[in-house]
Structure formats: structure tokens, C-alpha cells
Amino acid sequence: LFQFQTSPPGAGVIAPSPETARVTVEEEDGEVRLLVARAQGLLGRVTVGYRTTPFMASSPEDYEDTEGILDFLPGERLKFITVTIVDNLAPELDKSFRVELFNPDGGVDQFLRSEGSGSGESDSDLLLPAYHRATLGVAAHITVTIAASDDAHGVFQFSPDSLAVNGTEPEDGRSAVLLQVDRSFGDLSNVTVYWEAEPSAAGAELLSSSGS
């Protein structure tokens with residue numbers, strides 16, 4: 001039974017996964033290595049195909065398409081699939097694509113012992129052939145999420161003119177200073193930035209010391 005694993009399994013027989021697999025990578029990683037496991041039985045030589053399929057991410061802008069065949073020898077449990085991730089300079093939100101397994105093939109012949117024919121002509125047992133084929137598990141596909149990159153949500157800082165501002169304290173009433181916050185790089189989502197002001201050593205009284 002073929003399935004994706006998000007972490008290396010322990011020694012011994014690998015149990016079937018009860019759910020689909022997901023993994024998150026950074027664009028800067030350049031590639032993702034996906035672990036394919038042969039769960040349960042390890043008898044015989046078996047093969048399985050794999051291929052990438054687009055979802056929110058697409059090829060060749062976000063990743064490079066890949067496909068092939070994994071060949072497991074008797075007793076072999078694990079193989080890796082490597083997918084290239086494209087690192088570009090454009091700010092981007094989370095994107096995902098899938099890698100799926102398909103067309104499992106191979107297995108092992110076994111002979112099952114049955115009772116006699118019932119004809120009375122012979123008391124010997126019959127050996128009936130049975131072929132156990134490789135199959136796909138629940139986790140036969142994996143969703144790969146490429147995390148938001150290149151400051152997709154923006155970088156916030158005071159403008160150069162707001163780094164040092166002089167204010168005056170009126171004899172009565174109140175006054176205000178205007179500070180400009182700039183957002184650079186990505187602006188692909190709604191972002192709330194909180195601010196907090198600290199009173200100076202001179203003991204100036206602030207009517208508002210925090211906000212968003």
C-alpha cells in the first residue's frame with residue numbers, strides 16, 4: 001500500500017495513514033523532498049507512478065512539473081520524490097499544488113490451500129493461486145503549500161520625515177503631531193499595525209499613548 005509520509009516512520013511495518021498528507025515549504029528552500037512509503041506488506045517488487053498537479057500554484061511560475069515511476073524492490077520501504085520550487089522576487093501569498101501517486105503495479109503470487117473437491121476421488125488438498133497487488137492508501141496524494149514569500153504582507157516603518165518630529169505644548173487645549181507610516185514591498189492582505197508612545201523624560205502628558 002503506497003502513501004506519502006510527512007515524517008520518517010519508525011522501524012518495522014508501516015501502518016496505513018488515516019488521512020491525507022500536507023506539508024509547507026518556503027520559497028527560498030528551492031526544492032521539497034517528499035517521502036513515499038510502502039506500508040504493510042513488503043513482499044515482491046512493486047512500482048507506482050507519481051506526478052504534480054496544479055492547484056493554487058502553477059508551473060512553471062511557482063514550481064517545476066515532475067513525474068516518474070518509483071520502483072520498490074522486495075523489502076524496500078521508502079523512496080523520495082524531489083520537486084523544484086521556483087524562487088522569484090514577486091511578493092506572493094500562500095500557494096499550493098499537489099503530488100499524487102497513481103497506477104500501482106506488481107505484487108506477489110501466493111497459493112491458498114483449500115479443501116478437497118468433494119468428488120471423493122482424491123483426499124488431497126487443492127492449491128488455488130492468489131495474486132496480491134499493490135494498492136494506493138488514503139494518503140496517496142499530498143498537498144504542498146508554498147508559504148507567503150518576499151514580504152507578501154508588507155514591511156512597515158516610519159517615513160524618514162517622521163523619524164524626528166517637533167511638537168509644541170499649548171497653554172490650554174491640545175495639539176497633535178502627524179507621523180506617517182509607510183508600507184513597502186507586498187500589499188496583498190489586510191494588515192493591522194499597533195503603535196505605542198512612551199512619555200518623554202520631561203514628563204509631557206499624552207492624551208493618547210497607543211492605538212492601531
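Near the amide H of PHE102, within less than 5 Å, lie the amide hydrogens of GLY49, TYR50, all on another chain or at least 5 residues away, with H placed in the peptide plane. Take the Cβ atoms of VAL165 and GLU61, set R0 to 35 Å, and the FRET efficiency comes out at 0.20.
In order along segment 12-22, the Karplus-derived 3J(HN,Hα) couplings, from 6.51 cos²θ - 1.76 cosθ + 1.60 at θ = phi - 60°, round to x, 5, 8, 7, x, 6, x, 8, 5, 9, 9 Hz, and Gly and Pro are given as x.
Which FRET efficiency, nearest 0.05, do ALA15 and GLN180 yield, Cβ-Cβ r, R0 41 Å? Write out the running numbers ahead of the final one.
Values: r = 58 Å, r/R0 = 1.41.
After rounding to 0.05, the efficiency reads 0.10.
Residues in segment 76-86 carry Karplus couplings, in order, of 7, 9, 10, 9, 10, 10, 10, 10, 7, 9, 8 Hz; the curve used is 6.51 cos²θ - 1.76 cosθ + 1.60 with θ = phi - 60°, and Gly or Pro positions show x.
Global size of segment 47-104: 14.0, 46 Å for Rg and Dmax (C-alpha atoms, Rg to one decimal, Dmax whole).
A short reminder: the numbers here are calculations on the coordinates, not readings from a lab. It should be emphasised that the depicted structure is a prediction, and the values quoted were computed from it without experimental measurement. Every residue, glycine among them, receives a Cβ derived from its backbone with ideal geometry; neighbour counts consider all protein chains shown.
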